[in-house]
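Right, one structure below, let's go through it.
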Amino acid sequence: MRRTVLAGVALLSLTACSTVDGVRISGPAQPAAATTAPASTPRGPTVDAVALLLADPTVSARTKAALRPCPDAAIAGEYPVKTAYYELTGETDVVVNVYPCGAAGAPGTGSSGAAGVPVSAYLGGYVYTVGGKQLFKLENSGALLTVLDGQLATMSATGPHNGVARYRWTGAGFSPEGP
């Protein structure tokens with residue numbers, strides 16, 4: 001029985017594909033499935049997140065002071081800003097998180113994926129329309145904004161529910177979800 005199975009596998013592998021000049025040929029190509037762009041890829045207009053934050057009178061002085069090109073961190077010459085585009089309100093919205101330059105590549109609790117910035121280092125997170133209207137603000141050291149399953153969420157290094165709190169769009173603003 002074992003020999004029969006091995007012979008069948010060998011026969012299938014010989015008839016299903018072959019190698020020509022180092023290129024594997026395995027029969028006709030399957031039709032490509034349509035894919036959609038990841039949610040964080042802009043699907044239209046984009047914004048200058050640094051200019052948007054600097055012009056917003058509700059953004060704290062501490063956050064605005066961090067909005068300078070990083071001198072010699074892991075992201076030298078770049079602004080300490082993580083920007084992503086999502087459709088949270090039925091339109092394209094921009095989620096902006098700000099962290100200090102020195103936090104890029106620093107060890108810490110949790111990582112956001114932005115040059116290895118620990119969650120605990122974030123200074124503030126903001127949600128804007130691409131037109132520049134602020135929809136949500138979180139100026140809380142040690143927390144960042146992200147999107148989970150299509151919903152706005154805050155992440156922190158500590159707190160209930162593994163430091164995650166979710167918010168839903170009500171048509172007029174973001175409202176915390178129940179426990």
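Output the residue which, of all residues in region 66-101 that are among the charged types (D, E, K, R) and part of a loop (DSSP other than H, G, I, E, B), is farthest from Tyr128 (Cα to Cα).
If we take residues in region 66-101 being among the charged types (D, E, K, R) and part of a loop (DSSP other than H, G, I, E, B), then Asp72 is farthest from Tyr128 (Cα to Cα).
Is it the case that Thr63 is in contact with a Leu (Cβ under 9 Å, 6 or more places away or on another chain) and either in a loop (DSSP other than H, G, I, E, B) or at positive phi (or both)?
Criteria not met by Thr63.
Go through Thr170, Thr158, Thr63 for me and flag whichever is surrounded by fewer than 18 Cβ atoms within 10 Å (Cβ to Cβ), at pLDDT 85 or above and over 17 Å from the mean Cα position of the chain (by Cα).
Answer to the check: Thr170.
Whether any residue in region 27-48 is crowded, with 17+ Cβ neighbours inside 10 Å and either modelled with pLDDT under 85 or of a type in the set (A, V, I, L, M) (or both) is what I want to check.
The answer is yes; a qualifying residue exists.
Which residue, of Glu177, Glu87, Glu78, is of a type outside the set (A, V, I, L, M, F, W, C), closer than 21 Å to Val50 by Cα and modelled with pLDDT under 90?
Testing whether each residue is of a type outside the set (A, V, I, L, M, F, W, C), closer than 21 Å to Val50 by Cα and modelled with pLDDT under 90 leaves just Glu78.
Could you please find all residues in region 137-155 being closer than 15 Å to Leu123 by Cβ, free of Cβ contacts under 8 Å to residues at least 60 places away in the same chain and not in a strand (DSSP E or B)?
Passing the criteria: Asn140, Ser141, Gly142.
Select from region 115-133 the residues that are at pLDDT 85 or above and in contact with a helix residue (DSSP H, G or I) (Cβ under 9 Å, 6 or more places away or on another chain) and list them in ascending order.
Tyr122, Leu123, Gly124, Tyr126, Tyr128, Gly132
Go through region 156-179 and report how many residues are in a loop (DSSP other than H, G, I, E, B) and of a type outside the set (Asp, Glu).
Going through region 156-179 one residue at a time, the tally reaches 9.
Would you pick out the residues in region 120-136 that are at negative phi and either assigned to a loop (DSSP other than H, G, I, E, B) or β-branched (Val, Ile, Thr) (or both)?
Tyr122, Leu123, Val127, Thr129, Val130, Gly131, Lys133
Which one of the conditions (1) at pLDDT 90 or above; (2) in contact with a strand residue (DSSP E or B) (Cβ under 8 Å, 6 or more places away or on another chain); (3) not charged (D, E, K, R) does Ser112 fail to meet, given that it meets all the rest?
The number of the failed condition is (1).
The values are calculated or read from the model by the stated rules, or taken from the named source; none is laboratory data. All values derive from a computational prediction rather than experimental measurement. Positions of Cβ are backbone-derived with ideal geometry, glycine not excepted, and every protein chain shown enters the neighbour counts.
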